[in-house]
Amino acid sequence: MLAISDAHQDNGADWYEEGLGETRSFHLALVTYGKCVYWVKKEKVILEKGDLLLLPGHVPYYGKSIPTVLHTKYVVNFRAAAEAALPVLQLQEPLKQKLGCYEVIQERLRGILTQWKERPSYFEQMAQALLTEALIYLNQERDRGVIPSEKHRRVESMKQYIQTHYRGRVTKEDLGDVIKTTPNYAATLFKTVTNQTISEYVHNQRMKTAVYMLTESQLTISEIADYLGYNDVSYFHRIFKRSTGSSPSDYLHERSATV
């Protein structure tokens, strides 16, 4: 059983914190932009985008921004029951990991932050469920072993290609060409490292843009779907609902206040 005590996002260059918590408490941080530094048991740990740090509560630490370097990160402080079965919750030492499944865990932490801010019905249970998912993905990645930097580099190249071409059709053949390997190897490598298929990643990139356009533009839902490569608006609705848990029209209600 997990109990979240705090969830927030740090923005800017003036962050500073320190902690020495209880034995069954944890501090989890995921850097989403820039770099920051933690001093953990008097050792310097530099975190950059894609790095996750999990600190058991008995480990002394303090953290601060690097001068002139902006950073953003998600932070969740939580407690775990003594019988918690996940291996990472049994660790006695700090865990720093460069995530292959960065986007998957980022989405869960973003969801926790949303629940914590908006506090809808059962927000604590939903936040706990999202945190459990994030920790499971972290455990699964650790079980597969450390991802070599070369694999990280090749997957980042594929991600960059997708982020440029996500409005169109992206195939494993395209990504194989990007990293100069066979299509099947490219697809397998992408799935192994990110815990997402190529198609899932493409849809997620489209949904991020869809959320922005629904709140920050004057385009209709049909026009947004067409812009993002969905000829079938009903299919766009299904993908959006599956990805965000809401319908596109739910976001239109926010438009009048922002557009």
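Values quoted throughout were computed directly from the atomic coordinates according to the rules given, and no laboratory measurement underlies them. All figures in this text were calculated on a predicted structure; none of them were measured in a lab. Ideal geometry is used to build each Cβ from the backbone, glycine not excepted, and the neighbour counts take in all protein chains shown.
Counted over the chain with a bin width of 10 Å, the fraction of Cα pairs per bin, in whole percents, is 7, 26, 33, 25, 9, 0. Pairwise Cα distances in region 186-254 exceed 14 Å in 58 percent of cases.
Taking the Cα atoms only, what angle lies between the long axis of helix 198-216 and the longest principal axis of the chain, rounded to 10 degrees? Orientation of helix 198-216: about 80 degrees from the principal axis. Between the Cα long axis of helix 233-244 and the first principal axis of the chain there is an angle of about 0°, rounded to the nearest 10.
Given a Förster distance of 41 angstrom, what is the FRET efficiency for Leu70 paired with Glu173, based on the Cβ-Cβ distance and rounded to 0.05? Write down the numbers at each step before the final one.
Working: r = 38 Å, r/R0 = 0.93.
My answer for the efficiency is 0.60.
With contacts taken as Cα pairs under 8 Å at a separation of at least 6 residues, region 122-259 carries a relative contact order of 18 percent. Backbone phi angles across region 82-92, fed through the Karplus curve with coefficients 6.51, -1.76 and 1.60 (θ = phi - 60°), yield HN-Hα couplings of 4, 8, 3, 8, 5, x, 5, 8, 9, 5, 9 Hz in residue order; Gly and Pro are listed as x.
Our analysis of region 96-141 gives Rg over Rh at 1.03, with the two radii drawn from alpha carbon positions and Rh computed by the Kirkwood formula. Looking at the square roots a ≥ b ≥ c of the eigenvalues of the Cα gyration tensor of region 149-195, which shape do they give, rounded for a/c under 1.5, prolate if a/b is larger than b/c, or oblate? Prolate is the answer for region 149-195, as a/c is 1.5 or above and a/b outweighs b/c.
Altogether, the Stokes-Einstein calculation at 4 °C and 1.567 mPa s, with the Kirkwood radius of region 2-144 over Cα pairs as Rh, returns a diffusion coefficient of 85 µm²/s.
Taking only Cα atoms, what is the 0 to 90° angle, nearest 10, from helix 183-194's long axis to the longest principal axis of the chain? That helix lies at roughly 40 degrees to the long axis.
Could you pull out the pairs from Lys96/Lys191; Lys64/Lys191; Lys64/Lys241; Lys44/Lys117; Lys41/Lys98; Lys35/Lys172 whose alpha carbons sit more than 30 Å apart here?
Working: Lys96/Lys191 22 Å; Lys64/Lys191 34 Å; Lys64/Lys241 38 Å; Lys44/Lys117 32 Å; Lys41/Lys98 20 Å; Lys35/Lys172 32 Å.
Table pairs above 30 Å Cα-Cα are Lys64/Lys191; Lys64/Lys241; Lys44/Lys117; Lys35/Lys172.
Classify region 121-180: rounded, prolate or oblate, from the alpha-carbon gyration tensor (a ≥ b ≥ c, eigenvalue square roots; a/c under 1.5 rounded; otherwise prolate if a/b is larger than b/c)? Show your work: numbers first, answer last.
On the way: a/c = 3.97, a/b = 1.66, b/c = 2.39.
The shape class here is oblate.
An oblate overall shape is assigned to region 86-215, the ratio a/c of its alpha-carbon gyration tensor axes (a ≥ b ≥ c) being 1.5 or greater and a/b not exceeding b/c. Restriction of the GluC sites (Glu not before Pro) in region 78-148 to DSSP coil positions whose beta-carbon has at most 11 other beta-carbons within 10 angstrom yields Glu83. Electrostatic bookkeeping for Thr32 treats Lys and Arg as +1 and Asp and Glu as -1; over the other residues with beta carbon under 14 Å from its beta carbon, the sum is +2. If you average the alpha carbon positions of region 124-155 and of region 207-249, how far apart do those two centres end up, in angstrom? If we compute the Cα centre of each part, the gap is 27 Å.
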